[in-house]
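A short worksheet on the structure shown next.
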Amino acid sequence: GNGIYGAIHSTKSLGYCFNKWGQGGVGDAGFLFIADFAMGNCYSTTAYGCNKPSGYDSVWAKSSSGGLHHDELIVYSENRVNPKFILECK
């Protein structure tokens, strides 16, 4: 859904950089941002594709045996993300 997605482990993000899930990556390099996420009032869940309940600023979708293989962090406002570095991965 709508939001800015992040991951705690690079293995989650690298899959998107190198077209593991059909995201249209091309070439031999991918780029990753290292960023701080200001989660605020965070809703924690193990449900895949969960929407943010009213009163929460973000969602932490934790990996589980029934859905996600890696944790996802989701914020819904650009001012909650502070990019620190960009990495070129080959």
Do we find that SER58 is modelled with pLDDT under 85, hydroxyl-bearing (Ser, Thr, Tyr), within 12 Å of the chain's Cα centre (by Cα) and open to solvent by less than 50 Å² (accessible area, probe 1.4 Å) in this structure?
-> no
Log entry, pairs with first residue in the range 21-43 being among the hydroxyl-bearing types (Ser, Thr, Tyr), second being modelled with pLDDT under 95 and open to solvent by less than 50 Å² (accessible area, probe 1.4 Å), beta carbons closer than 6 Å, six or more apart or on different chains, reads TYR43/PRO53; TYR43/VAL59
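Here is a yes/no grid of residues against (1) of a type in the set (Ser, Thr, Tyr); (2) open to solvent by less than 30 Å² (accessible area, probe 1.4 Å); (3) more than 13 Å from the chain's Cα centre (by Cα):
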position: ASP36; (1), (2), (3): no, no, no
position: SER54; (1), (2), (3): yes, no, yes
position: SER64; (1), (2), (3): yes, no, yes
position: GLU72; (1), (2), (3): no, yes, no
position: LYS84; (1), (2), (3): no, no, yes
position: GLU88; (1), (2), (3): no, no, yes
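The values are calculated or read from the model by the stated rules, or taken from the named source; none is laboratory data. Being a predicted model, the structure only gives us computed values, none of them experimental. All Cβ positions, even for glycine, are placed from backbone atoms using ideal geometry, and neighbour counts span all protein chains on display. The area values use the complete protein model at the heavy-atom level, side chains included, leaving out ligands, DNA and RNA. Shrake-Rupley method; radii C 1.70, N 1.55, O 1.52, S 1.80 Å.
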